[in-house]
Amino acid sequence: MLTVLYRDDYLIAIDKPSGLLVHRSEIDRRETRFAVQLLRDQIGRQVFPVHRLDRGTSGVLLFALDAATARLLNDGFATRQPGKTYLAVVRGHPADSGDIDHAITRQPDEREYVHGDAQLNAQPAFTRYRTLARCELPFAVERYPQSRYALVELQPETGRRHQLRRHLKHIAHPIIGDATHGKGVHNRFFQQQFNVGRMLLHAVELRLPHPVTGEALCLTAPLTGDFARLIGELGWRAALPAAWLGETAAGRDPAN
(Lines give C-alpha, C1' and ligand atoms only; values in the text may rest on other atoms or scores of the structure.)
Protein backbone atom coordinates (compact mmCIF):
# COMPACT_ATOMS: atom_id res chain seq x y z
CA MET A 1 0.00 0.00 0.00
CA LEU A 2 1.31 3.42 -0.94
CA THR A 3 1.30 6.04 1.83
CA VAL A 4 -1.25 8.78 1.04
CA LEU A 5 -0.10 12.19 2.26
CA TYR A 6 -3.07 14.25 1.04
CA ARG A 7 -6.37 13.66 -0.75
CA ASP A 8 -9.38 15.73 -1.72
CA ASP A 9 -11.84 15.69 -4.64
CA TYR A 10 -9.18 16.89 -7.11
CA LEU A 11 -5.74 15.83 -5.88
CA ILE A 12 -3.91 12.99 -4.24
CA ALA A 13 -0.30 12.97 -3.07
CA ILE A 14 1.71 9.94 -2.03
CA ASP A 15 5.10 9.22 -0.50
CA LYS A 16 6.84 7.42 -3.38
CA PRO A 17 9.29 4.77 -2.20
CA SER A 18 12.82 4.73 -3.55
CA GLY A 19 13.13 2.22 -6.40
CA LEU A 20 9.61 2.67 -7.76
CA LEU A 21 9.10 4.06 -11.28
CA VAL A 22 6.36 6.68 -11.64
CA HIS A 23 4.99 5.11 -14.84
CA ARG A 24 5.91 2.60 -17.54
CA SER A 25 9.24 3.56 -19.05
CA GLU A 26 11.94 2.41 -21.43
CA ILE A 27 14.30 2.66 -18.46
CA ASP A 28 13.26 -0.87 -17.49
CA ARG A 29 10.95 -2.75 -19.84
CA ARG A 30 10.82 -5.72 -17.44
CA GLU A 31 9.39 -3.70 -14.55
CA THR A 32 5.75 -4.52 -13.80
CA ARG A 33 5.06 -2.19 -10.84
CA PHE A 34 4.57 1.56 -11.27
CA ALA A 35 3.27 4.28 -8.96
CA VAL A 36 0.47 5.17 -11.39
CA GLN A 37 -0.75 1.57 -11.58
CA LEU A 38 -0.40 0.86 -7.85
CA LEU A 39 -2.22 4.03 -6.81
CA ARG A 40 -5.00 3.49 -9.37
CA ASP A 41 -5.58 0.00 -8.02
CA GLN A 42 -5.36 1.17 -4.41
CA ILE A 43 -8.03 3.90 -4.66
CA GLY A 44 -10.09 2.38 -7.47
CA ARG A 45 -9.98 5.26 -9.92
CA GLN A 46 -7.78 6.78 -12.61
CA VAL A 47 -4.95 9.09 -11.58
CA PHE A 48 -2.98 11.59 -13.67
CA PRO A 49 0.72 12.19 -12.87
CA VAL A 50 1.67 15.87 -13.12
CA HIS A 51 5.39 15.69 -12.33
CA ARG A 52 8.01 13.01 -11.90
CA LEU A 53 10.62 11.77 -9.46
CA ASP A 54 13.58 9.67 -10.50
CA ARG A 55 13.28 5.99 -9.76
CA GLY A 56 15.78 6.21 -6.89
CA THR A 57 14.26 9.36 -5.36
CA SER A 58 11.63 9.02 -2.65
CA GLY A 59 9.11 11.53 -1.36
CA VAL A 60 6.15 13.71 -2.31
CA LEU A 61 4.57 12.75 -5.64
CA LEU A 62 1.39 14.55 -6.71
CA PHE A 63 -1.40 13.30 -8.97
CA ALA A 64 -4.59 14.86 -10.28
CA LEU A 65 -7.83 12.90 -10.08
CA ASP A 66 -9.27 14.22 -13.34
CA ALA A 67 -7.96 15.51 -16.66
CA ALA A 68 -9.06 19.13 -16.12
CA THR A 69 -7.19 19.40 -12.82
CA ALA A 70 -4.17 17.74 -14.43
CA ARG A 71 -4.09 20.49 -17.07
CA LEU A 72 -4.21 23.19 -14.40
CA LEU A 73 -1.38 21.54 -12.47
CA ASN A 74 0.71 21.04 -15.59
CA ASP A 75 0.37 24.76 -16.32
CA GLY A 76 1.55 25.53 -12.78
CA PHE A 77 4.56 23.25 -12.99
CA ALA A 78 5.45 24.70 -16.39
CA THR A 79 5.61 28.19 -14.86
CA ARG A 80 7.62 26.96 -11.83
CA GLN A 81 4.75 27.72 -9.48
CA PRO A 82 5.28 24.87 -6.99
CA GLY A 83 8.09 25.18 -4.44
CA LYS A 84 10.07 21.96 -4.03
CA THR A 85 12.43 21.04 -1.20
CA TYR A 86 14.66 17.97 -1.23
CA LEU A 87 17.09 16.44 1.25
CA ALA A 88 20.28 14.71 0.16
CA VAL A 89 23.37 13.17 1.73
CA VAL A 90 26.47 14.16 -0.23
CA ARG A 91 30.19 13.50 -0.25
CA GLY A 92 32.37 16.22 1.25
CA HIS A 93 31.56 19.44 3.09
CA PRO A 94 29.80 22.00 0.86
CA ALA A 95 29.64 25.69 1.74
CA ASP A 96 27.00 26.76 4.25
CA SER A 97 24.79 27.82 1.34
CA GLY A 98 25.04 28.62 -2.32
CA ASP A 99 23.48 28.78 -5.76
CA ILE A 100 24.24 26.43 -8.62
CA ASP A 101 23.58 28.16 -11.92
CA HIS A 102 24.72 25.60 -14.46
CA ALA A 103 23.02 24.76 -17.75
CA ILE A 104 22.59 21.05 -18.43
CA THR A 105 21.89 19.10 -21.58
CA ARG A 106 19.15 16.53 -21.80
CA GLN A 107 20.65 13.05 -21.54
CA PRO A 108 18.21 10.36 -22.79
CA ASP A 109 18.33 6.90 -21.28
CA GLU A 110 20.03 4.21 -23.36
CA ARG A 111 16.79 2.61 -24.53
CA GLU A 112 14.81 5.83 -24.88
CA TYR A 113 13.58 6.77 -28.35
CA VAL A 114 14.62 10.30 -29.25
CA HIS A 115 13.00 12.02 -32.22
CA GLY A 116 15.43 13.52 -34.71
CA ASP A 117 14.06 17.01 -34.04
CA ALA A 118 14.34 16.72 -30.26
CA GLN A 119 16.17 19.57 -28.53
CA LEU A 120 19.15 18.19 -26.61
CA ASN A 121 21.04 21.49 -26.27
CA ALA A 122 22.03 22.78 -22.84
CA GLN A 123 19.15 24.45 -20.99
CA PRO A 124 19.35 26.87 -18.05
CA ALA A 125 19.17 25.14 -14.68
CA PHE A 126 19.26 26.73 -11.23
CA THR A 127 19.38 25.16 -7.75
CA ARG A 128 19.71 26.74 -4.30
CA TYR A 129 21.27 24.68 -1.53
CA ARG A 130 21.86 24.95 2.20
CA THR A 131 24.08 22.68 4.27
CA LEU A 132 22.19 21.48 7.35
CA ALA A 133 24.73 19.18 9.01
CA ARG A 134 28.20 17.73 8.50
CA CYS A 135 30.22 14.81 9.79
CA GLU A 136 33.71 13.37 9.48
CA LEU A 137 34.03 9.59 9.76
CA PRO A 138 37.26 7.76 10.72
CA PHE A 139 37.39 5.67 7.54
CA ALA A 140 39.78 5.97 4.62
CA VAL A 141 37.30 5.61 1.79
CA GLU A 142 39.58 7.37 -0.68
CA ARG A 143 43.12 8.68 -0.17
CA TYR A 144 42.46 10.54 3.07
CA PRO A 145 42.41 8.87 6.53
CA GLN A 146 38.97 10.33 7.23
CA SER A 147 35.88 10.84 5.06
CA ARG A 148 33.53 13.81 5.07
CA TYR A 149 29.79 13.84 4.38
CA ALA A 150 26.98 16.37 4.68
CA LEU A 151 23.20 16.68 4.76
CA VAL A 152 21.95 19.36 2.36
CA GLU A 153 18.61 20.99 1.63
CA LEU A 154 17.98 21.58 -2.07
CA GLN A 155 15.49 23.87 -3.79
CA PRO A 156 15.46 23.57 -7.58
CA GLU A 157 14.04 26.57 -9.42
CA THR A 158 14.00 24.74 -12.74
CA GLY A 159 12.95 21.18 -13.48
CA ARG A 160 15.57 19.63 -15.72
CA ARG A 161 16.01 15.88 -15.83
CA HIS A 162 18.35 14.66 -13.07
CA GLN A 163 19.02 18.32 -12.24
CA LEU A 164 19.87 17.89 -8.56
CA ARG A 165 22.06 14.87 -9.15
CA ARG A 166 23.97 16.56 -11.95
CA HIS A 167 24.27 19.90 -10.16
CA LEU A 168 25.74 18.29 -7.05
CA LYS A 169 28.20 16.37 -9.18
CA HIS A 170 29.08 19.67 -10.87
CA ILE A 171 30.15 21.21 -7.53
CA ALA A 172 32.07 18.02 -6.58
CA HIS A 173 29.61 16.93 -3.87
CA PRO A 174 27.77 13.99 -5.50
CA ILE A 175 24.79 12.36 -3.83
CA ILE A 176 25.49 9.13 -1.98
CA GLY A 177 23.89 6.15 -3.69
CA ASP A 178 23.69 7.79 -7.12
CA ALA A 179 24.98 5.07 -9.41
CA THR A 180 25.08 7.34 -12.49
CA HIS A 181 26.40 10.68 -11.23
CA GLY A 182 27.92 9.67 -7.88
CA LYS A 183 31.11 7.91 -6.81
CA GLY A 184 31.00 4.14 -6.54
CA VAL A 185 33.55 3.90 -3.72
CA HIS A 186 31.40 6.07 -1.43
CA ASN A 187 28.19 4.34 -2.47
CA ARG A 188 29.74 0.99 -1.55
CA PHE A 189 30.99 2.36 1.77
CA PHE A 190 27.49 3.42 2.82
CA GLN A 191 26.11 0.04 1.78
CA GLN A 192 28.74 -1.84 3.77
CA GLN A 193 29.01 0.45 6.80
CA PHE A 194 25.38 1.53 7.21
CA ASN A 195 23.46 -1.08 5.18
CA VAL A 196 22.03 1.69 3.00
CA GLY A 197 21.95 0.85 -0.71
CA ARG A 198 19.42 3.41 -1.98
CA MET A 199 20.08 6.85 -3.44
CA LEU A 200 19.94 9.35 -0.58
CA LEU A 201 17.69 11.93 -2.24
CA HIS A 202 14.21 12.61 -0.84
CA ALA A 203 11.50 15.07 -1.92
CA VAL A 204 10.50 16.19 1.54
CA GLU A 205 8.14 19.08 0.75
CA LEU A 206 5.98 20.41 -2.09
CA ARG A 207 4.31 23.82 -1.78
CA LEU A 208 1.71 25.08 -4.25
CA PRO A 209 -1.65 26.83 -4.49
CA HIS A 210 -4.53 24.41 -4.91
CA PRO A 211 -5.40 24.50 -8.63
CA VAL A 212 -9.13 24.72 -7.94
CA THR A 213 -9.64 26.37 -4.55
CA GLY A 214 -6.50 28.52 -4.42
CA GLU A 215 -5.70 27.24 -0.90
CA ALA A 216 -1.98 27.25 -0.04
CA LEU A 217 -0.88 23.62 0.25
CA CYS A 218 2.28 22.36 1.92
CA LEU A 219 2.64 18.62 1.37
CA THR A 220 5.26 16.89 3.50
CA ALA A 221 6.76 13.39 3.24
CA PRO A 222 8.74 12.71 6.44
CA LEU A 223 11.92 10.68 6.20
CA THR A 224 11.36 6.97 6.79
CA GLY A 225 13.21 3.68 6.55
CA ASP A 226 16.94 3.56 5.83
CA PHE A 227 17.19 7.31 5.23
CA ALA A 228 15.64 8.16 8.60
CA ARG A 229 17.76 5.55 10.38
CA LEU A 230 20.93 6.94 8.81
CA ILE A 231 20.07 10.48 9.92
CA GLY A 232 19.88 9.17 13.47
CA GLU A 233 23.12 7.19 13.25
CA LEU A 234 25.01 10.23 11.97
CA GLY A 235 23.57 12.45 14.72
CA TRP A 236 21.75 14.80 12.35
CA ARG A 237 18.16 14.65 13.65
CA ALA A 238 18.47 17.99 15.47
CA ALA A 239 19.22 19.68 12.13
CA LEU A 240 15.76 18.91 10.73
CA PRO A 241 12.26 20.24 11.50
CA ALA A 242 10.13 17.82 13.51
CA ALA A 243 7.64 17.46 10.63
CA TRP A 244 10.39 16.20 8.31
CA LEU A 245 11.15 13.47 10.85
CA GLY A 246 7.52 12.42 11.21
CA GLU A 247 7.29 13.74 14.75
CA THR A 248 4.20 15.86 13.97
CA ALA A 249 1.28 15.33 11.60
CA ALA A 250 2.33 15.94 7.99
CA GLY A 251 -0.11 16.64 5.20
CA ARG A 252 -3.73 15.62 5.57
CA ASP A 253 -6.20 13.21 4.06
CA PRO A 254 -9.79 14.33 4.57
CA ALA A 255 -10.87 10.73 3.91
CA ASN A 256 -9.32 9.67 7.22
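Whether any residue in segment 197-214 is part of a helix (DSSP H, G or I) and either free of Cβ contacts under 8 Å to residues at least 40 places away in the same chain or open to solvent by 10 Å² or more (accessible area, probe 1.4 Å) (or both) is what I want to check.
no
Out of all the residues in segment 2-45, which are open to solvent by 40 Å² or more (accessible area, probe 1.4 Å), modelled with pLDDT of 90 or more and in contact with a helix residue (DSSP H, G or I) (Cβ under 6 Å, 6 or more places away or on another chain)?
TYR10
Can you name every residue in segment 178-234 that is among the basic types (Lys, Arg) and in contact with a Pro (Cβ under 8 Å, 6 or more places away or on another chain)? Even if it seems obvious, please write down each step before you answer.
So in segment 178-234, the residues among the basic types (Lys, Arg) come out as 183, 188, 198, 207, 229.
Once the filter is applied, which keeps residues that are among the basic types (Lys, Arg) and in contact with a Pro (Cβ under 8 Å, 6 or more places away or on another chain), segment 178-234 yields LYS183, ARG207.
In segment 69-77, is there at least one residue being among the aliphatic types (A, V, I, L, M), exposed (fewer than 14 other Cβ atoms within 10 Å of the Cβ) and either without any contact (Cβ under 8 Å) to a residue 40 or more places away in the chain or not in a strand (DSSP E or B) (or both)?
Going residue by residue through segment 69-77, those that are among the aliphatic types (A, V, I, L, M) are 70, 72-73.
Remaining after also requiring exposed (fewer than 14 other Cβ atoms within 10 Å of the Cβ): none.
No - not one qualifying residue is present in segment 69-77.
Please find, within segment 140-175, the residue that is surrounded by the most Cβ atoms within 10 Å (Cβ to Cβ) out of those that are part of a loop (DSSP other than H, G, I, E, B) and of a type in the set (A, V, I, L, M). Walk me through it before giving the result.
Keep residues of segment 140-175 that are part of a loop (DSSP other than H, G, I, E, B), which gives 140-146, 157-162, 171-174.
Next, from what is left, pick out any that are of a type in the set (A, V, I, L, M): 140-141, 171-172.
Values: ALA140: 11, VAL141: 19, ILE171: 16, ALA172: 11.
Step by step, filter segment 140-175, then rank; the result is VAL141.
Tell me, yes or no, whether segment 49-58 has at least one residue that is open to solvent by less than 10 Å² (accessible area, probe 1.4 Å), in contact (Cβ under 8 Å) with a residue 24 or more places away in the chain and at positive phi.
no
Filter segment 93-113 down to the residues that are more than 20 Å from the chain's Cα centre (by Cα) and modelled with pLDDT of 95 or more, then identify the one that is nearest to SER147 (Cα to Cα).
HIS93
The values are calculated or read from the model by the stated rules, or taken from the named source; none is laboratory data. Everything numeric here is computed off the predicted structure, so don't read it as measured data. Virtual Cβ from ideal backbone geometry, glycine too; neighbours counted across all protein chains shown. Calculation scope for accessible area: heavy atoms of the full protein, side chains included, ligands and nucleic acids excluded. Shrake-Rupley method; radii C 1.70, N 1.55, O 1.52, S 1.80 Å.
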